[in-house]
Ligand SMILES: Cc1cc2nc3c(=O)[nH]c(=O)nc-3n(C[C@H](O)[C@H](O)[C@H](O)COP(=O)(O)OP(=O)(O)OC[C@H]3O[C@@H](n4cnc5c(N)ncnc54)[C@H](O)[C@@H]3O)c2cc1C
């Protein structure tokens, strides 16, 4: 005897998407959300959604396909992901975006130069732009999905953290919440990641420990990793172990860049040899890996003119905070580049040559070594950076330390069904989003990877759970 057809654990992007699609398929749906409001990390996000072959791309005359998306996704992830699952994700991402547009999400067919401007932007390092930015960002996505859930009579219970799954006759038959048993034909685990759980980070994403005290978490409070316990309970296999998204950031930032602000445009990153090694504006699809390849920590070097040009109104990247950090000795400041090199322990001749070379290049519009001028143009930058030449000079320690999301979760197949250690499907159990693993991989495929995963696989999970 069941109380409801489908139970969904978690009311973020994956959970809401699963609930709406299950209800649209005719199922009665009960959704539990542990916090006082819906949304999770999805609500905090820019809502950037990566997808191929969409009406938005077509409106801009861009030819794309799920097959091209698949090839890019697999190549960037070194083919370590399961091709069948990734093909299903790439095939379903475009239709899911259209479904969202049909529900009321607004994404205009116009070029966007950043994650805050609705339209289409470059999500990562793809040749065809796939980053769809919705109006009102992640908040907008959650509002539209929540409205659709209510319209489809999804029963939403807030402030209630699911404690465990009920297992009966070798399949999942419901959940326990508030010490009460609720029975269903299928359960969708969509409880997000474990960014807020230090013990799970140490076990399943130890790279976060390398950031030491510089680590800061921007994921939602509810990201406690409950899915790992649910999985252990029923013998689910884990996937995505060791992966997540750590965005490169300055040690002085403690919040996402919308609040913390942005480092100076007229800056260079140098390694311990005093050399530039990357396009400083490279997508975070690849920049974390590039910095890791330098040993994990690099220096962001700029001058007094750049400090004074920092935008106002941001919590950390502003002229006063940088000056105060320099006064405290945490940001390194020096009267000359030679002195700065000595203080940060890089060869003075190399640092001086690096700055001289950059001054001859990017302030005049080209960066032959790292092609940063192309990235700046894609971001809508109209003016070249200034030369680095006005003392004092600054160096700010920079490393992958902003924890956005985690990738280790319950192994799912192309139907979003959870597999056990033998590779067999666990009856009645589906997972999606950060809780359902296999789509988010070794490399984050640019802005939009995680929201697209959550909403796409959530929709797949809901549809199949309803069956
Ligand atoms: C600041 C920020 C910006 C980002 N920007 C982007 C972006 O633009 N594009 C992109 O692709 N990705 C982005 N991401 C990542 C992306 O938002 C997330 O990976 C994705 O939205 C996760 O969706 P989810 O449904 O799996 O988890 P969530 O949205 O976190 O939802 C999980 C929900 O489950 C609830 N929950 C947890 N445990 C339980 C339980 N036991 N019982 C009941 N409920 C429970 C949580 O409270 C939460 O509401 C961003 C993340 C952050 C933090």
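As a proxy for reagent exposure, ranking 260, 21, 191 by other Cβ atoms within 10 Å from fewest up yields 260, 21, 191. For residue 67 and residue 155, the FRET efficiency from 1/(1 + (r/R0)^6), where r spans their Cβ atoms and R0 equals 51 Å, is about 0.85. Relative to the dominant Cα principal axis of the chain, helix 137-151 is inclined by about 10°. Simple spin-label estimate for residue 259 and residue 127 gives 4.1 nm between the two label positions (7 Å along the Cα-to-Cβ direction from each Cα). Here 369, 179 are placed in order of increasing Cβ neighbour count within 10 Å, fewest first, which gives 179, 369.
Maximal additional length on extending the residue 324-residue 209 stretch stands at 38.7 nm, based on 0.36 nm per residue less the C-alpha distance. Grab the beta carbon distance between residue 98 and residue 442, set R0 = 25 Å, and tell me the FRET efficiency rounded to 0.05. Efficiency, from the Cβ-Cβ distance: 0.30.
Counting alpha carbon pairs within less than 8 Å and at least 6 residues apart, what relative contact order, in whole percent, applies to segment 247-402?
Values: 264 pairs, mean separation 61.4, N = 156.
Reported as a whole number, the value is 39 percent.
Computed from label points 7 Å out along Cα-Cβ, the spacing between residue 272 and residue 308 is 3.6 nm.
Assuming a ≥ b ≥ c are the square roots of the Cα gyration tensor eigenvalues, decide whether segment 256-360 counts as rounded (a/c under 1.5), prolate (otherwise, with a/b larger than b/c) or oblate. Before the final figure, lay out each step's value.
On the way: a/c = 1.65, a/b = 1.14, b/c = 1.45.
Note, shape of segment 256-360 comes out oblate.
Once you have the Cα-Cα distance between residue 421 and residue 366, take 0.36 nm times their residue separation minus that, and quote the gain in nm to one decimal.
Details: separation 55, 0.36 × 55 = 19.80 nm, distance 5.24 nm.
Computed gain between residue 421 and residue 366 is 14.6 nm.
Against the chain, whose longest principal axis is taken from its Cα atoms, helix 13-24 shows a tilt of about 30°.
Computed from the C-beta positions of residue 382 and residue 79 and an R0 of 41 Å, the FRET efficiency is 0.55 to the nearest 0.05. Cα centroid distance between segment 58-75 and segment 285-306, in Å? After rounding, the separation between the Cα centres reads 30 Å.
For the chain, what's the relative contact order in percent, using C-alpha pairs closer than 8 Å and at least 6 residues apart? Write down the numbers at each step before the final one.
Working: 1147 pairs, mean separation 115.8, N = 467.
Averaging sequence separation for qualifying contacts and normalising by length gives 25 percent for the chain.
Taking every DSSP helix (H) stretch of at least 4 residues in the chain, weighting each as -39,500 (n - 2.57) and dividing the sum by the residue count yields a mean residue ellipticity at 222 nm of -9500 deg cm²/dmol. Backbone N atoms of segment 366-391 closer than 11 Å to the 7 Å Cα→Cβ label point of residue 111 belong to residues 377-381.
The modelled label-to-label distance for the pair residue 147/residue 3, using points 7 Å beyond Cα in the direction of Cβ, is 3.0 nm. Enter the Cα centre distance for the pair segment 366-443 and segment 99-120, rounded to the nearest angstrom. Going from one Cα centre to the other spans 20 Å.
Axis of helix 449-466 versus longest Cα principal axis of the chain: the two differ by about 0°, to the nearest ten degrees.
Read the figures in this text as sums done on the coordinates, not as results from a lab. Bear in mind the structure is a predicted one, so any value in this text is a computation, not a measurement. No Cβ is skipped: glycine too gets one built from the backbone with ideal geometry, and neighbour counts run over all protein chains shown.
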